[in-house]
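Encoded as structure tokens, the structure appears first; notes follow it.
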Amino acid sequence: MSDPSDKSDPAAVSRRSLLGGMAAGTLASPAIGRASVRGSKFKVAVIGAGVFGVWTARHLQQAGHKVTLIDARGPANNRASSGGESRLTRAAYGKDAIYTRMALDSLTQWKALSSRAGLPIFIPAGVLFFFPNEDAYLTDSLAAHRKLGLPTEALSRAEMARRFPMIAFDGIAAGLHEPGFGALMARRAVQLLAREFVADGGRYLLGSVSPPDEKSASLDMVTLSNGERIGADRFVFAAGPWLPKLFPQAIGQRIVPTRQEVFFFAPPPGDRRFQLGTMPGWADFNGGDIFYGFPDLESRGVKFAHDAHGVDVDPDTQSRVPTEAALAEIVAFRDHRFPLLRGAPLVESRVCQYENSGNGDFLIDHHPRLANVLLVGAGSGHGFKHGPEVGRRAAALVMGTKPAEPRFQLATKTLSQRREVH
Ligand SMILES: Cc1cc2nc3c(=O)[nH]c(=O)nc-3n(C[C@H](O)[C@H](O)[C@H](O)COP(=O)(O)OP(=O)(O)OC[C@H]3O[C@@H](n4cnc5c(N)ncnc54)[C@H](O)[C@@H]3O)c2cc1C
């Protein structure tokens with residue numbers, strides 16, 4: 001494998017070319033032979049520069065490994081699950097306290113990244129979850145938060161109505177307010193991390209990796225669609241909704257991409273009730289059929305989305321044009337729960353996909369045959385906030401310093417969908 005620190009290497013992407021638009025490809029890189037492991041430092045190829053891939057690459061780089069990050073379309077590209085503007089980060093996870101802990105540990109790393117960035121990555125908007133009854137999700141979340149010393153507030157309906165007058169709380173009994181959480185600026189975060197990775201000597205390649213032979217015992221290289229070969233000691237595939245196409249045998253139907261649509265509406269001009277500092281990030285738990293959204297972050301419009309899984313899709317071919325049906329559903333929800341926004345014009349929309357495991361747990365585990373291949377994915381509609389900790393866990397598995405968490409093992413991934421993690 002070519003040396004990223006070798007300035008004569010035409011395959012090493014300069015920081016300038018990456019800053020110039022992430023789309024930069026590389027000149028032909030030399031064909032690679034079997035790489036050798038020197039000491040405990042590895043050459044690692046990370047395939048996929050979404051939130052899971054870039055954090056994995058960054059953790060491996062910081063541990064002293066020589067990392068090549070490869071993406072077919074660029075970090076947080078428009079089709080990737082990590083694309084788009086904003087993501088909710090919150091610690092409410094009901095009984096699934098493993099994710100509460102991961103969200104909290106990740107938040108520290110997001111804040112550190114945000115403090116280095118010219119524009120915000122983490123926006124402490126606060127997050128309000130509200131429930132039609134004293135749901136077990138609410139009481140379990142609160143117990144987990146108390147254990148960790150989080151300043152989460154349990155709010156009555158009257159208290160919420162007083163503090164958040166832009167929301168109509170009819171049919172709602174109680175809420176949870178997480179003042180320390182809020183929004184992550186998704187595309188900006190992933191692209192900034194990729195730039196930091198390159199600035200610190202990491203190698204980034206624009207290239208589409210062909211599916212490896214799943215019958216082999218291990219990999220010594222991957223082949224790009226243009227014929228280039230990239231060798232490494234270890235490989236991490238963090239290809240989001242494309243993982244089933246790359247590994248039809250090991251993964252196949254264990255990860256199912258579904259269509260998801262997001263809408264932004266313009267608040268009334270000059271109306272401060274939908275601004276940051278007044279309106280929080282929010283989620284209407286609605287018995288597990290969650291709607292969620294954000295205030296008018298960076299003047300993009302007030303965001304609304306329905307978290308229910310849409311139809312199964314192919315991330316390469318699904319239409320990115322929003323449907324009338326999804327818009328009508330969101331408008332009906334908005335008019336009921338946010339009546340002050342009735343008639344607000346649609347100013348933007350996005351069509352993306354979740355990549356769902358059967359129950360919503362992530363996948364961070366070795367390929368069952370390819371011994372030096374790690375599979376990382378199944379963000380299942382809630383993965384973004386956990387990027388730093390998913391990357392840390394993936395890096396530990398590559399280095400062999402920690403065993404796989406049972407919930408993230410491939411063996412626990414079912415072929416049928418029955419969502420349990422919200
Ligand atoms: C609409 C929407 C709303 C969401 N809301 C939230 C939220 O509020 N909070 C939250 O925490 N999470 C949220 N999520 C989930 C979160 O965004 C995802 O779990 C996360 O972004 C998945 O990241 P990833 O790195 O696994 O995949 P991706 O971001 O899809 O990255 C995979 C990358 O692999 C590359 N790739 C694929 N195949 C190849 C190949 N053959 N060769 C080279 N490169 C390849 C792709 O180009 C892509 O860049 C949301 C997701 C969506 C779609």
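Values in this text are rule-based calculations from the coordinates and carry no lab data. Being a predicted model, the structure only gives us computed values, none of them experimental. As a convention, Cβ positions derive from the backbone with ideal geometry for all residues, glycine included, and neighbour counts pool all protein chains shown.
For segment 298-422, the Cβ-based charge dipole about the Cα centre amounts to some 340 debye (Lys, Arg positive; Asp, Glu negative; other atoms uncharged). Towards the positive end of the charge dipole of segment 116-180, with charges on Cβ (+1 Lys, Arg; -1 Asp, Glu), say which of Phe130, Gly149, Phe169 has the farthest Cα. Value computed over the given set: Gly149.
The separation of segment 47-64 from segment 382-422, counted between C-alpha centres, amounts to 15 Å.
Taking the Cα atoms of the chain, the ratio Rg/Rh between the radius of gyration and the Kirkwood radius comes to 0.98.
Rounding to the nearest 10 and keeping the result within 0 to 90°, find how far the Cα-based axis of helix 136-147 lies from the longest principal axis of the chain. Approximately 70 degrees, to the nearest ten. Residue separation of Ala173 and Ser156 scaled by 0.36 nm, minus their Cα-Cα distance, works out to 5.5 nm of gained length.
Using the Cβ-Cβ distance between Lys41 and Ser319 with R0 set to 56 Å, the FRET efficiency from 1/(1 + (r/R0)^6) comes to roughly 0.80. Once the Cα-Cα distance is subtracted from the 0.36 nm per residue extended length, the Arg418 to Glu214 segment shows a gain of 70.7 nm. Taking the fewest neighbouring Cβ atoms within 10 Å as the starting point, the ordered list for Leu148, Leu370 is Leu148, Leu370. What does the helix-only formula give at 222 nm for the chain: each DSSP H stretch with n ≥ 4 adding -39500 (n - 2.57), the total divided by the residues, and the result rounded to the nearest 500 deg cm²/dmol? The helix-only estimate for the chain comes to -7500 deg cm²/dmol at 222 nm.
Entry note: segment 163-291 has Rg to Rh equal to 1.11, where both radii use alpha-carbon atoms and Rh is the Kirkwood radius. Per-residue Cβ neighbour counts within 10 Å put Asp213, Asp200, Asp71, Asp271 in the sequence Asp213, Asp200, Asp271, Asp71, beginning with the fewest. With contacts taken as Cα pairs under 8 Å and at least 6 residues apart, the chain reaches a relative contact order of 22 percent. If both residues of a DSSP beta bridge must be in the chain, then about 70% of such bridges are antiparallel.
Can you work out the PRE-style zone for Ser299? Point 7 Å along Cα to Cβ, and I want the residues of segment 244-272 with backbone N under 16 Å. Backbone N within reach: 265-272. Centroid-to-centroid, using Cα positions, segment 245-259 and segment 162-240 are 17 Å apart.
Think of each Lys and Arg Cβ as +1 and each Asp and Glu Cβ as -1; about the Cα centre, that makes the dipole of segment 145-286 roughly 200 debye. Of all DSSP beta bridges located in segment 205-362, what percent are antiparallel, nearest 5? Close to 95 percent.
Under a Cβ-Cβ cut-off of 14 Å, what is the net charge of the residues other than Phe181 that fall near it, where Lys and Arg count +1 and Asp and Glu count -1? The answer is +2. The order of Val198, Val321, going from fewest to most other C-beta atoms within 10 Å of their C-beta, is Val321, Val198. The 3J(HN,Hα) values that the Karplus relation (6.51, -1.76, 1.60; θ = phi - 60°) gives for segment 309-319 are, in residue order, 5, x, 5, 5, 9, 9, x, 7, 10, 4, 5 Hz. Gly and Pro appear as x. Axis of helix 97-116 versus longest Cα principal axis of the chain: the two differ by about 80°, to the nearest ten degrees. Restricting segment 344-422 to trypsin sites (Lys or Arg not before Pro) that sit in a DSSP loop and have at most 13 other Cβ atoms within 10 Å of their own Cβ leaves Arg418.
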